[in-house]
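The values are calculated or read from the model by the stated rules, or taken from the named source; none is laboratory data. What you are looking at is a predicted structure, and each value in this text was computed from that prediction instead of being measured. Reconstructed Cβ throughout: ideal geometry from the backbone, glycine too, with neighbour counts over all protein chains shown.
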Amino acid sequence: MENKKTNSPTKNGFELLTKYRGAIMGMAALWILFFHEWQILATGGGKIAEIEMFIKRIGFCGVDIFLFLSGIGLVFAIGKGNILSFYYRRLKRVYLPFLIVAIIRFITEKWQPDFFINNILCINFYKTNMYSFLWFVPAILTFYLLFPLYYKIFDKTKDKTLFTGTILLLWLALSLFARDTLRGDLWGFTNRIPVFLLGIHGGYLTKTRKEPFSKATWLMLSILLVIGLYFGYLANFIGVGFIVPTSNCFLPNLIIAISFPFVVSKILDMLCNIPAVGIVGKGIVKFFSFFGLFSLEIYCVQEWLGGIILTKMANESPMIKNLAIFIVSTAAGFVLYLAVKYFWIFIEFIFKKIKLLFSKSKN
């Protein structure tokens, strides 16, 4: 948020994170698309190929960025209305795109009815395999379901840092205890619990800490990002394990998810406030913020449509395939976003009319 009198850039990192949240969500969405569907261009090897492969391979940490930002956002959302309205707003935003894509795939791919039902009820996520269908949606719905109770306890604690640290240690102890018994695919979910909890703590800090970040803080966050990227390389390319099973979606992603948003928001703010390149910076923010609008919808369609495109364009060059996937996934995701948005506008309009009719009939 800018000071209206001096027009100077915000120096509080949490406020910057709020200001550029949409753009960072868009970056994370495109990073996940890159991870899932990008066809490698630099096939001849060398440093460029290594960098391209590295960016693609760790792109799934875009999920962790979403969870961190979601945790922050929920701290503000919980104060808007009662618990029922909280759940309603969360379901309204998340579930319908998930359901629409499931229905389309049920029809076009001829799913078995029981497979369809178990997917849309999120039963397969827990019972069979978390990757059965769009795993992020059942995962985030689980976090939404448990958040109000957790936050009620969190909000009442005096030392919130100690409380968060204790819960994280409890998570670690339970993870180590279950390392030989928990179903293998579920580690991709349980390993994301810490980043969501740190997002909740970050939401509290966003509400309460208004002092500027020091240069030392920004330097520390930048170093953390470099460490996270290095750990990501070790985990995904060298096979180094970090404490818990499936550790490539734990410590490296955790460090990246809590540093990347701050560092990127600072860079974006600097770009937007440098006169010579301000227009470029604002253009970059608008571009990524556009994708932030329908980040969930583009996630819901990308693997499905990407698979179809890659099958039909098997003989095309990787660049053509990438452009086709990007354009089609963007268009389909945006259409799905608009369909969901106007569906709920229509439903709420109907309910208001019905409520008005009932109130008139009583009078």
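A count restricted to segment 78-124 and to residues that are surrounded by fewer than 17 Cβ atoms within 10 Å (Cβ to Cβ) and in contact with a Pro (Cβ under 6 Å, 6 or more places away or on another chain) stands at 1. For the list (1) in contact (Cβ under 8 Å) with a residue 60 or more places away in the chain; (2) out of contact with any Phe, Trp or Tyr (no Cβ under 8 Å at 6 or more places or on another chain); (3) farther than 27 Å from residue 218 by Cα; (4) surrounded by 13 or more Cβ atoms within 10 Å (Cβ to Cβ), I need the number of the one condition that residue 273 fails. With respect to (1) in contact (Cβ under 8 Å) with a residue 60 or more places away in the chain; (2) out of contact with any Phe, Trp or Tyr (no Cβ under 8 Å at 6 or more places or on another chain); (3) farther than 27 Å from residue 218 by Cα; (4) surrounded by 13 or more Cβ atoms within 10 Å (Cβ to Cβ), residue 273 is out only on (3). Considering 237, 287, 250, the condition of being closer than 20 Å to residue 69 by Cβ, loosely packed, with under 15 Cβ neighbours inside 10 Å and out of contact with any helix residue (DSSP H, G or I) (no Cβ under 6 Å at 6 or more places or on another chain) is satisfied by 287 alone.
Could you please let me know if residue 259 is more than 23 Å from residue 219 (Cα to Cα), polar (S, T, N, Q) and either touching a Leu at 6+ places or on another chain (Cβ under 9 Å) or surrounded by 18 or more Cβ atoms within 10 Å (Cβ to Cβ) (or both)?
no
Residues of segment 61-99 that are farther than 15 Å from residue 197 by Cβ, touching a helix residue (DSSP H, G or I) at 6+ places or on another chain (Cβ under 7 Å) and small (Gly, Ala, Ser): 62, 77.
Of 124, 118, all but one fail to be more than 25 Å from residue 260 (Cβ to Cβ), in a helix (DSSP H, G or I) and more than 23 Å from the chain's Cα centre (by Cα); the exception is 118.
Output the residue which, of all residues in segment 205-234 that are of a type outside the set (A, V, I, L, M, F, W, C) and surrounded by 19 or more Cβ atoms within 10 Å (Cβ to Cβ), is farthest from residue 56 (Cα to Cα). Walk me through it before giving the result.
Quick first cut of segment 205-234, residues of a type outside the set (A, V, I, L, M, F, W, C) only: 206-212, 214-215, 217, 222, 228, 230, 232-233.
Pick out the ones that are also surrounded by 19 or more Cβ atoms within 10 Å (Cβ to Cβ) and you get 206, 228, 232.
Values: 206: 31, 228: 15, 232: 11 Å.
This residue is 206.
Just for segment 30-48: of the residues that are without any contact (Cβ under 8 Å) to a residue 12 or more places away in the chain and within 19 Å of residue 320 (Cβ to Cβ), which one is farthest from the chain's Cα centre (by Cα)? Once the filter is applied, the top-ranked residue is 44. Any chance segment 249-256 includes a residue that's touching a residue at least 24 places away in the same chain (Cβ under 8 Å), in contact with a Leu (Cβ under 6 Å, 6 or more places away or on another chain) and under 30 Å from residue 182 (Cβ atoms)? Yes, segment 249-256 contains a residue that is touching a residue at least 24 places away in the same chain (Cβ under 8 Å), in contact with a Leu (Cβ under 6 Å, 6 or more places away or on another chain) and under 30 Å from residue 182 (Cβ atoms).
Consider residue 223 carefully, then state whether it is β-branched (Val, Ile, Thr), under 19 Å from the mean Cα position of the chain (by Cα) and part of a helix (DSSP H, G or I). Spelling it out, it is not the case that residue 223 is β-branched (Val, Ile, Thr), under 19 Å from the mean Cα position of the chain (by Cα) and part of a helix (DSSP H, G or I). Of the set (1) modelled with pLDDT of 95 or more; (2) farther than 30 Å from residue 190 by Cβ; (3) not polar (S, T, N, Q), all apply to residue 254 but (2). Of all residues in segment 9-60, none satisfies the criterion of being assigned to a loop (DSSP other than H, G, I, E, B), buried (at least 19 other Cβ atoms within 10 Å of the Cβ) and among the basic types (Lys, Arg).
Residues in segment 188-209 that are assigned to a loop (DSSP other than H, G, I, E, B) and modelled with pLDDT under 95: 209 only.
I'm checking my understanding of the structure. Among residues of segment 290-313 that are β-branched (Val, Ile, Thr) and over 22 Å from residue 66 (Cα atoms), which one is surrounded by the fewest Cβ atoms within 10 Å (Cβ to Cβ)?
Filtering first and then ranking leaves 311.
When 131, 151 are checked against the criterion of being assigned to a loop (DSSP other than H, G, I, E, B) and under 23 Å from the mean Cα position of the chain (by Cα), 131 stands alone in meeting it.
So in segment 156-167, with the set limited to residues that are part of a helix (DSSP H, G or I) and touching a Phe, Trp or Tyr at 6+ places or on another chain (Cβ under 8 Å), which one is farthest from residue 117 (Cα to Cα)? Filtering segment 156-167 for residues that are part of a helix (DSSP H, G or I) and touching a Phe, Trp or Tyr at 6+ places or on another chain (Cβ under 8 Å), the one farthest from residue 117 (Cα to Cα) comes out as 160. Listed by first and then second residue, the pairs with beta-carbon distance under 7 Å, at least 6 apart or on different chains, first residue in segment 126-149 and in contact (Cβ under 8 Å) with a residue 12 or more places away in the chain and under 21 Å from residue 105 (Cα atoms), second of a type in the set (S, T, N, Q) and in a helix (DSSP H, G or I), are 132/119; 132/124; 133/119; 133/124. Of all residues in segment 168-187, those satisfying the criterion of being part of a helix (DSSP H, G or I), surrounded by fewer than 20 Cβ atoms within 10 Å (Cβ to Cβ) and touching a residue at least 12 places away in the same chain (Cβ under 8 Å) are 168, 171, 172, 175, 176, 184, 185, 186.
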